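The values are calculated or read from the model by the stated rules, or taken from the named source; none is laboratory data. A quick note: this is a predicted structure, and the numbers were derived from the prediction, not measured. Counting neighbours? That spans all protein chains shown, and the Cβs are built from the backbone with ideal geometry, glycine included. For the accessible areas, the whole protein counts, side chains as well, though only heavy atoms, and no ligand, DNA or RNA atoms are used. Shrake-Rupley method; radii C 1.70, N 1.55, O 1.52, S 1.80 Å.
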Amino acid sequence: MSSAYKHKSIEEAIQKRWHKEERYVSKVDDREKYYCLSMFPYPSGKLHMGHVRNYTIGDVISRYKRMQNFNVFQPMGWDAFGLPAENAAIANKVSPSDWTSQNIENMKTQLKSLGFSYDWSKELRTCDSNYYKWEQLIFKKFYDAGLVYRKKSLVNWDPVDETVLANEQVIDGKGWRSGAQIELKEIDQWFIKITDYAEELLDSLDNLDWPENVKLMQKNWIGKSYGAEIKYKIDGQDKYLTTFSTRPDTIFGVSFLAISPNHSLSIELSENDKNISEFLEKCKEAKAAEADIAKAEKLGIDTNIKVVHPLTDKKIPVWIGNFVLLDYGTGVVMGVPGHDTRDYEFASKYGLEINQVIETDSTELPIIDKGVLVNSGKFDGMSSEEASQKIIKELIELDKGKELIQFRLRDWGVSRQRYWGCPIPVIYEESLPKMVNDKDIPVELPKLTRNSLPTPLNQNEDFINIGNNLFRESDTFDTFMDSSWYYARFTSADNDNEIFDENTNYWLPVDLYIGGIEHAILHLLYSRFFHKALRDIGLLDGDEPFKRLLTQGMVLKDGAKMSKSKGNTVDPQPYIEKYGADTVRLYMMFTSPPEQSLEWSESSVEGAARFLKKLWNLVNDRQNIELNNKFDFSKDELELRRKSHSTLKKVEHDYEVRFSFNTAIAAIMELLNSIPESYKEEKATDSQKFCLNEVIVFSLKMLSPIAPHICEHLWNNFQTNESCIESSWPKFDEDIIESEEFELIIQVNGKVRGKINIDKNLEEEEIKNIALEVDNVSNNIGENQIKKVIYVKDKLINFVI
RNA sequence: GGGGAUGUGGUGGAACUGGUAGACACGCUUGGCUUAGAACCAAGUGCCGCAAGGCGUGGGGGUUCGACUCCCUCCAUCCCUACCA
């Protein structure tokens, strides 16, 4: 009788061996490389099931590729700067630095206990000055390349705490701690010109092996649109308001212009008009987040200023509207209520004219679709497309507009008014900013004195005032800066003298990048931008950082994404202790396909544990006996061999092409279920033992990327001639998979009426006759005449009556 | 508001290219083993129906010999929306 499966001692022993052998420390060699990267975590305290899912996927692929003789690089690090460390510091009186280090230690221990094959020799922490010094240098280089500028921009201001709040910290318009009404406040901030790369970021999406939905999201986010810039002369003044519209064909329907509350004209008018200044004050009581602006009630106020319509000379009112964003386009919107939902709503509310200038089949305004022009003077009767061109041409002739391509993408504001981040390497002299000298980099983040709260750096006199009337920049970088280039730094993480080195060229680009779908736009777009900008500076090669992308779906709990900040995490630790890492990994992979979101439930953890136990009972205490394979296999034996080889083929496809680990596992379960009991007995024949051994060898190999500890342990006891389970991946034999027969599905009018095994060599006519003989088929056809026969080779025949 | 996804038994899911709906598991039911339990083993398990058979992939409509799969429409849920990461 075999001994019981003891996951704890096996996993500890195997992990110890990996560590001792330095098995996963990677070195450049002449094999084909495979850089497999999972998004590094924010060290929030403990791992949760979302992490386990993400990192198991990466580890399965890394281990599979290693067995295929690729030189695999799988590093891990920490996205260690960010808001939660400051919150924890305030709540628990620990410094952000200590809190972060402690969390990293905890989570690293957890990652190790799960048996992930990371190359820990390349570990990174973004909060180390050894990491962020390079980030400060990159920023300087971006500045030298003309990619950095300063501009005023809006933030959420808490007037009680006198701090800037993240969108997440504003709840129903109130500060989450103070409860004070938040105001929009304009402050100077640093921006990076990601828009210089808008066109390339859009175009090169086509060449990426990424999921289509992610490419589409990025495309829509960049938002290239073709339209016209149209100038409206302010009545009685020699000034113009400039708008952008993608629908110049609707220009005869313009009944108002709406300008942003932050537009210079709005501010100018508010100085002498109490109503307007009150309205602008009210507009400040908003949240900066786009979703909130879009959902807020549309409010406006008439400025009493009129502009002149460029084609009709009609006088048109100018309103201030709270829904107009200054950052997008020109901060002026031309209102066409007949053909735009938002404009329609606004015009209805304030009694502005609603004119129809486009006709379609629809009778109800607003009509959003393109159509044929009406009420548009000489353009009547033209299609939207034709009219757009002619109208732009006319505007150009009148010098009142031009054709324009516009992007939705805005420049990247990287300033944060926070302590726990990378200091921005700038010094001000008489308010004029200058980059710090290279020799003064890194600008180290000052340590907090004991028990002091993490206040923004502008309150740290020792840090900002460096004498001689010189002052340091007190803002820190957006943490998206830290995560935009870490994938590249991993390749040279142990090099203190250079940012990147010859290893960088060997490992980049990342062959497979794995992470949550929530990063589909921002993080992935910023990283793509960084790569291109670093290329143009001469620091990196290639156009894109991530060749292939796998976006995993959210792990949900109580209907929302599992995260520390939402307080709905599930800690894997109790499961690792009770069932072992292999079971947890197997369960996570078995429970759903990676791209799908998954509501957490432990309902079938037991099933995964049971399966490994079954595997253990089958293989443990069994030895692989070397047998000559010149057997005259029986039908049943051949059937099992066919199953072994076809399962191997399927698993390869599922691991490599589909990332469909749940179906791969199901196939292996089926294979083990299909072994006849007698093959496992002592008295089984040699040919039966041969078939059983084949199942075991294939199964251990196929499962080892998912459940590496138990498979390696069983392998060492079972196999004698190949020491390491990881040293190869088996090969399937297509000849064995090929079968002489197939199961024919017989339908009558598309409904299944019979199934029968058919020799593959038979002709269609013979198959048809055999099918018609089947009882249930002939009964269903009865006296009816067969109108049509549809035959799908090796699959199905359908009689239409 | 905008953008992107998802929706299949009691539960997680399978069906990869328009061709057997429910693989593989969980749970449950019955039986075996056991002093009892755990564990394990065997059989059953979409719904209605005694059966023959019929119905069935979020709702409604369409295309097709044939639709979970394609088209239209509606509903629900999740993610992102530029300062959570």
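HN-Hα J couplings of segment A:537-551 from phi, Karplus 6.51/-1.76/1.60, θ = phi - 60°, integer Hz, Gly and Pro as x?
Each residue's phi maps through the Karplus curve to give 7, x, 8, 9, 9, x, 9, 9, x, 10, 5, 10, 10, 10, 9 Hz.
Roughly how many nanometres apart are two label points built 7 Å out from the Cα toward the Cβ at A:Lys795 and A:Asn497?
Output for this residue pair reads 6.3 nm.
Assuming R0 = 56 Å, what is the FRET efficiency of A:Asn275 and A:Ser597, from their Cβ-Cβ distance, to the nearest 0.05?
After rounding, the FRET efficiency stands at 0.70.
Assign unit charges at the C-beta atoms only (+1 for Lys and Arg, -1 for Asp and Glu), then state the dipole size of segment A:603-737 relative to its Cα centre in Debye, rounded to the nearest 20. Intermediate results must be reported in sequence, preceding the final value.
Working: 17 positive and 22 negative charges, 56 e Å.
Value, rounded to 20: 260 debye.
Enter the Cα centre distance for the pair segment A:609-656 and segment A:27-41, rounded to the nearest angstrom.
Cα centroid to Cα centroid, the span is 31 Å.
Please give the per residue accessible area of chain A, computed with a probe of 1.4 Å over protein heavy atoms only, in Å². Mind dumping the intermediate values first?
Details: 37610 Å² over 801 residues.
Accessible surface, normalised per residue, equals 47 Å².
Give me the percent of DSSP beta bridges within segment A:224-407 that run antiparallel, rounded to the nearest 5.
That works out to approximately 90 percent antiparallel.
Relative to the first principal axis of the alpha-carbon coordinates of chain A, what is the inclination of helix A:708-718, with its axis defined by its Cα atoms, in degrees from 0 to 90 and to the nearest 10?
It works out to around 20 degrees.
How much length would be gained if the chain were fully extended between A:Ile736 and A:Lys282, taking 0.36 nm per residue of separation minus their Cα-Cα distance, in nm to one decimal? Mind dumping the intermediate values first?
Values: separation 454, 0.36 × 454 = 163.44 nm, distance 7.64 nm.
Extending this stretch completely gives an extra 155.8 nm.
Near A:Lys6, which aspartates and glutamates are there with a Cα under 12 Å away, not counting those fewer than 8 places off in the same chain?
Straight-line reach from A:Lys6, under 12 Å: A:Glu577, A:Asp582.
As a quick test, which of the pairs A:Lys152/A:Lys566; A:Lys122/A:Lys564; A:Lys122/A:Lys566; A:Lys370/A:Lys390; A:Lys174/A:Lys295 have an alpha carbon distance above 21 angstrom in this structure?
Long pairs (Cα-Cα over 21 Å): A:Lys152/A:Lys566; A:Lys122/A:Lys564; A:Lys122/A:Lys566.
How big is the gap, in Å, between the Cα center of segment A:117-148 and the Cα center of segment A:443-491?
Here the answer is 14 Å between Cα centres.
Rank by packing, highest mean first: peptides A:665-675, A:386-396, with packing defined as the count of other Cβ atoms within 10 Å averaged across residues.
A:386-396, A:665-675
Ignoring any ligand, DNA or RNA, what whole percent of the accessible area of chain A comes from carbon and sulfur when the probe is 1.4 angstrom?
47
Label 7 Å along Cα→Cβ of A:Asn69; segment A:716-730 residues with amide nitrogen under 18 Å?
Once the point is set 7 Å along Cα→Cβ of A:Asn69, A:722-730 turn out to lie under 18 Å by backbone N, inside segment A:716-730.
Take every Cα pair under 8 Å in segment A:56-106 that's 6+ residues apart, average their separations, divide by the length, and report that relative contact order as a whole percent. Don't jump to the answer; show the numbers that get you there.
On the way: 20 pairs, mean separation 11.1, N = 51.
Result for segment A:56-106 is 22 percent.
Decide, for chain A, between rounded, prolate and oblate: order the square roots of the alpha carbon gyration tensor eigenvalues as a ≥ b ≥ c, take rounded if a/c falls under 1.5, and otherwise choose prolate if a/b is larger than b/c, else oblate.
Oblate shape, in that a/c is at least 1.5 and b/c is the bigger or equal ratio.
Over segment A:699-789, what is the mean sequence separation of C-alpha contacts under 8 Å (at least six apart), divided by residue count, expressed as relative contact order in percent?
Values: 69 pairs, mean separation 15.3, N = 91.
Dividing the mean separation by the residue count of segment A:699-789 yields 17 percent.
On a straight-distance basis, which lysines could pair with A:Lys231 in a cross-link, Cα separation under 16 angstrom, same-chain partners fewer than 8 positions away excluded?
In chain and number order, the partners are A:Lys239, A:Lys306, A:Lys314, A:Lys315, A:Lys393, A:Lys400, A:Lys402.
So if each residue of separation counts as 0.36 nm, and I subtract the Cα-Cα distance between A:Asn779 and A:Lys630, what length gain in nm does that give? Can you show the working numbers first?
On the way: separation 149, 0.36 × 149 = 53.64 nm, distance 4.81 nm.
So the chain would gain 48.8 nm between A:Asn779 and A:Lys630.
May I ask for the percentage of alpha-carbon pairs in segment A:224-407 that lie more than 19 Å from each other?
Details: 9760 of 16836 pairs.
Here the tail beyond 19 Å accounts for 58 percent of pairs.
Using the Cα gyration tensor of segment A:175-299, with a ≥ b ≥ c the square roots of its eigenvalues, what is the shape: rounded (a/c below 1.5), prolate (a/b larger than b/c) or oblate (neither)?
Taking the square roots of the gyration eigenvalues as a ≥ b ≥ c, segment A:175-299 is oblate.
Multiply the residue separation of A:Ser225 and A:Arg610 by 0.36 nm, subtract the distance between their alpha-carbon atoms, and state the gained length in nm to one decimal.
Details: separation 385, 0.36 × 385 = 138.60 nm, distance 5.62 nm.
133.0 nm is the gain from fully extending A:Ser225 to A:Arg610.
Looking at chain A only, what percent of DSSP beta bridges run antiparallel? Nearest 5 please.
Once the DSSP bridges in chain A are tallied, antiparallel ones form about 75 percent.
Please list, ordered by chain and number, the residues whose modelled amide H lies under 5 Å from the amide H of A:Tyr24; skip anything fewer than 5 residues away on the same chain.
Here the answer is none, since no amide H 5 or more places off falls under 5 Å of that of A:Tyr24.
I'd like the orientation of helix A:686-703 relative to chain A: the angle between its Cα long axis and the longest Cα principal axis, in ° from 0 to 90, rounded to 10.
10
Taking the 0 to 90 degree range and rounding to the nearest ten, how far is the long axis of helix A:83-92 tilted relative to the main principal axis of chain A, both from C-alpha atoms?
90
Accessible area of A:Phe252, 1.4 Å probe, to the nearest 10 Å²?
Its heavy atoms expose roughly 40 Å² to the probe.
If you place +1 on the Cβ of every Lys and Arg and -1 on the Cβ of every Asp and Glu, how big does the dipole about the Cα centre of segment A:137-240 come out, in debye to the nearest 20?
280
For a test of the definition: using alpha carbon positions, the gyration tensor, and the 1.5 limit on a/c, classify segment A:611-651 as rounded, prolate or oblate.
Verdict is oblate for segment A:611-651.
When only C-alpha pairs under 8 Å and at least 6 residues apart count, what is the relative contact order of chain A, in percent?
On the way: 1365 pairs, mean separation 115.1, N = 801.
About 14 percent, as a whole number.
Just to check I understand the Karplus step: with θ = phi - 60° and J = 6.51 cos²θ - 1.76 cosθ + 1.60, what whole-Hz values come out for segment A:563-578, glycine and proline as x?
With coefficients 6.51, -1.76 and 1.60, one gets 7, 4, 5, 8, x, 10, 7, 10, 7, x, 3, x, 6, 4, 5, 6 Hz.
For an R0 of 41 angstrom, estimate the FRET efficiency from the Cβ-Cβ distance between A:Arg150 and A:Thr109 and round to the nearest 0.05.
So the FRET efficiency works out to roughly 0.40.
What pairs from A:Lys650/A:Lys795; A:Lys141/A:Lys215; A:Lys20/A:Lys701; A:Lys16/A:Lys650; A:Lys46/A:Lys439; A:Lys557/A:Lys613 go past 27 Å between their alpha carbons?
On the way: A:Lys650/A:Lys795 19 Å; A:Lys141/A:Lys215 29 Å; A:Lys20/A:Lys701 22 Å; A:Lys16/A:Lys650 33 Å; A:Lys46/A:Lys439 38 Å; A:Lys557/A:Lys613 29 Å.
Check vs 27 Å cut-off fails for A:Lys141/A:Lys215; A:Lys16/A:Lys650; A:Lys46/A:Lys439; A:Lys557/A:Lys613.
Counting each DSSP H run of 4 or more residues in chain A as -39500 (n - 2.57), what helix-only mean residue ellipticity at 222 nm follows after dividing by all residues, to the nearest 500 deg cm²/dmol?
That calculation yields -11000 deg cm²/dmol at 222 nm.
Out of all DSSP beta bridges with both ends in segment A:741-800, state the antiparallel percent to the nearest 5.
That works out to approximately 75 percent antiparallel.
Treating only the Cβ atoms of Lys and Arg (+1) and Asp and Glu (-1) as charged, compute the dipole magnitude of chain A about its Cα centre; round to the nearest 20 debye.
1240
Would you please state which residues of segment A:73-96 a label at A:Ala289 would reach in this model, taking the label point 7 Å out along Cα→Cβ and a backbone N cut-off of under 12 Å?
In segment A:73-96, the label zone of A:Ala289 (backbone N under 12 Å from the point 7 Å along Cα→Cβ) covers no residue.
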